[in-house]
Amino acid sequence: MSRRLAAVLVATATITLSACDRPPEDEAAARPPAPSQNAGQTLSLVTETGQPLTEQRDDWRAALKALLATPDADHLAAADTRWRGLYGAFNRHYLTLAARACAGERLAVLRRLDAWPLYPAYVDGLPAWPDSGIVNDPALELTGASLRRQQGATADGEVALGFQPIRLLIAGAEGAPRRAKDLRADAQADNDEPAAALRERRRTYLRLAADQLQADLDALDQDGDLTLTSLRCALETLDDRLAALETHRQATAPEEGLYIPSVSVEILEHTQPKAALTQLSADANGDARAALESGYPGFQAALDQAVEAQSWASLGEWLHAHGGAP
């Protein structure tokens, strides 16, 4: 990593976690459930909300292709709109994706898809640090493998892949919006060689990050057999996500350390926990509810309270009371 990038991380970091203190990336983070005769029962979790995730993925890929082919204001706005649509669909389907990730020991993939908060200057330059980030580090080879290595290299906020870096590349950050010319190919721009090389790195980074996003979504697009264990793990994973949102929802100033874009907060709050509560309450998921109630008595009452209040609080309390997060 370049000295410029290291300096940015020192200047912006408020909390730094050593990589050696972090759990292995491929380690399943499910907390062990209480013993139950239903633990091995094969279950399903039907998603019945919003436009299918596959359609949103197709729309996003088409918009990104058009943007890279013709980087103008209209295509930039269209790509941002499609990103919002895909991110909304991802969050509406989050409980199902988490259950699949838990069932297939792919929680590291789920985390990589949408890690936040992050240091935005780890990805690209900001007005206070115009030469920072992976984009501005010519010593760093841009490949899919190198970006995966940069993900959480020394701290959780070092986020190189997933939804949030992609939006930084196509939309910029609060106070530093992306311009269409920032994504123009050499032949479409001026004769400034350093600026052209920077734009080309940004374009390459965007392609690689989009390819990894696609691969990670593909990895969670398989309907594997779900069990009580994986359903419980999915609920805990969503509970952790909602707790993190509560902690970081105000971190929307990109030059004050850890950051989450305000649009991401808006989409998260609009979709969750409403989507999960609707899904858990659906008639089609009666078997899943029955299994959770049998394995962890009190689930149905907690769900009923959560639905009535349109709040996750009672489910969070139920999780913590049955071996969940302290």
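Please treat every number below as a calculation from the coordinates, not as lab data. Just so we're clear, the structure is a prediction, and the values are computed from it rather than from any experiment. Here the Cβ positions follow ideal geometry from the backbone for every residue, glycine too, while neighbour counts run over all protein chains shown.
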Taking a ≥ b ≥ c as the square roots of the Cα gyration tensor eigenvalues, with a/c under 1.5 meaning rounded and otherwise prolate when a/b beats b/c or oblate if not, region 204-326 comes out oblate
Under the rule of at least 5 residues apart or a separate chain, name every residue whose amide H is placed under 5 Å from the amide H of G172.
R178
Whole-Hz couplings from phi, Karplus 6.51/-1.76/1.60, listed for region 98-114; x for Gly and Pro:
5, 5, 5, 5, 5, 5, x, 6, 10, 4, 4, 5, 4, 5, 5, 4, 8
Under a point spin-label approximation (7 Å from Cα along Cα-to-Cβ), what is the D221-D186 distance to one decimal in nm?
3.3 nm
Segment E308-E55, extension gain: residue separation times 0.36 nm, minus the distance between their alpha carbons
87.9 nm
Shape verdict for region 95-147, please, from the Cα gyration tensor: rounded (a/c under 1.5), prolate (a/b greater than b/c) or oblate.
oblate
Among L126, L95, L67, whose Cα sits farthest toward the positive end of the charge dipole of region 40-191 (+1 at Cβ of Lys/Arg, -1 at Cβ of Asp/Glu, about the Cα centre)?
L95
To the nearest 20 debye, what charge dipole does region 146-254 have about its Cα centre, counting +1 at the Cβ of each Lys and Arg and -1 at the Cβ of each Asp and Glu?
480 debye
